[in-house]
Amino acid sequence: MVNSAGHALFASLTSVVLKNFIYWHIKHSRKLYWYSHKCLCYKESIMVATRYPPPWFSVAPMMDCTDNHYRTLARLISKHAWLYTEMIAAETIVFQKGDLDRFLAFGPEQHPIVLQIGGNDLDNLAKATQLANPYGYDEINFNCGCPSPRVAGKGCFGARLMLDPKFVAEAMSVIAANTNVPVSVKCRIGVDNRDSYNELCDFIYKVSSQSPTKHFIIHSRKALLNGISPKENRSIPPLKYEYYYALVRDFPHLRFTINGGINTIAEVNAAQTEGAYGVMVGRAAYSNSWNLLGHVDSAIYGAPPSGITRRQVLEKYQVYGDSVLGIYGPKPHIREVIKPVFGLFYSQPGFGLWKRKADAAFQYCKTIKSFFEETLVAFPDSVLDSPIVEAPQGFPDVFANSKSLLPPSYIVREEELLYAFREEGQSEYSH
Ligand SMILES: Cc1cc2nc3c(=O)[nH]c(=O)nc-3n(C[C@H](O)[C@H](O)[C@H](O)COP(=O)(O)O)c2cc1C
């Protein structure tokens, strides 16, 4: 009787000890895995950082704009600008069947290049990151800023995710655990009435303390999810650069890139003079690519002027264009390949005539070569053969006010600290 009771006690004690041992082993081997993984990531980040110039200047992700065609053309104008892809939903990547190249492949000259993904399903984000790895992107960016009803409304991701920093931290940990390159978040400064500086800081604090995210791109206006269009969401909410500069002040261990409403190289310089680490430009880098990207290498990276002309750029672009026309059946169509070329000629003499000729040529030209032969006669040689003129001097005072409007410093509230502390022990993905 005693014997069998002792036996039972011994058996249950052994099972507790064994369970604890197994738990300890799993926990520590996982920690060891994370530790070695973290070291690897760190080494890789250093490699990326030394292989390419810093992302002092980047071209924003833009749906239907920053595709392979635009990026190829952009790279012919600037060797150093960081180029972001359009946002690709994790599901789009995961559910492709043998057609991944169409979404993820890019020419080697496009480095440094960042893949932007969107989504709200951790498994799909993990799988999408794994599927993207062989393509060799230099950074993976997570979209927390898109206000489109399709994305932030029905899709429940993009800007809406700013309301759920815990999820964003998990998503970033999952993405980072599945890639060897650095990860970053692109977000707004708030959403609807959740738009105080403190709420923005809570978001940054939670995501950066609970995931390996050290780089945030701040589109310096909030997103309104009340049904206005994505276009209106890029102009109606006012820009608040002071929030950006306050983040730079309050989180000195993190990197912040400023974005929104920056249109000239003088404004890029001014933002950096005020203390911005990186500047991201969207619309102006697309619609006026020659005048903006043409100055990036010399004015931002200190490279000697390339002396390249529009005609030389177009000669190279034509070879690319003709090599890709129709590779996916009817796509890409000649119009899609020519679309980014408009930005080379913004407000130049002959632009109106060229557009009219282009409209006609789209109907019958079968190659980019013939398209250029038909249409480029609209421009005087001075437009086609002049190298990029020197960058305009002087600093506009767009950002000067930001410093006087800075909100009070962020003080991490007790509950945020507790949150970070509690989560550290719990999160499945915490490093
Ligand atoms: C046509 C268009 C498409 C965009 N698509 C995306 C996108 O896919 N992902 C994203 O994070 N932002 C997207 N944006 C927002 C830009 O990345 C950028 O944040 C915004 O345009 C503000 O910068 P800007 O004033 O320099 O244009 C898009 C903007 C435009 C104009």
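Applying the Karplus relation 6.51 cos²θ - 1.76 cosθ + 1.60 with θ = phi - 60° to region 199-214 yields 3J(HN,Hα) values of 5, 4, 5, 4, 4, 4, 4, 5, 5, 6, 7, 10, 7, x, 6, 10 Hz, where x marks Gly and Pro.
Electrostatic bookkeeping for His215 treats Lys and Arg as +1 and Asp and Glu as -1; over the other residues with beta carbon under 11 Å from its beta carbon, the sum is +2.
Amide H contacts for Tyr84 (H built 1.01 Å from N in the peptide plane; partners 5 or more residues away or on another chain; cut-off under 5 Å): Val59, Val114.
Once a ≥ b ≥ c are taken as the square roots of the eigenvalues of the Cα gyration tensor of region 283-323, is the result rounded (a/c under 1.5), prolate (a/b larger than b/c) or oblate (a/b not larger than b/c)?
On the way: a/c = 2.65, a/b = 1.51, b/c = 1.76.
It comes out oblate by the Cα gyration axes.
Place the peptides 250-259, 69-78, 101-110, 337-346 in order of packing, highest mean first, counting for every residue the other Cβ atoms within 10 Å and averaging per peptide. Please list the in-between numbers first.
Values: 250-259: 18.2, 69-78: 22.5, 101-110: 14.4, 337-346: 20.9.
Ranked by mean Cβ neighbours within 10 Å, highest first: 69-78, 337-346, 250-259, 101-110.
By its C-alpha gyration tensor, with a ≥ b ≥ c as the square roots of the eigenvalues, how is region 310-385 shaped: rounded for a/c under 1.5, else prolate for a/b larger than b/c, else oblate? Intermediate values should be presented prior to the final figure.
On the way: a/c = 2.09, a/b = 1.58, b/c = 1.32.
Here region 310-385 falls in the prolate category.
Values quoted throughout were computed directly from the atomic coordinates according to the rules given, and no laboratory measurement underlies them. Note that the structure is a prediction, hence the values are computed from the model and not measured. All Cβ positions, even for glycine, are placed from backbone atoms using ideal geometry, and neighbour counts span all protein chains on display.
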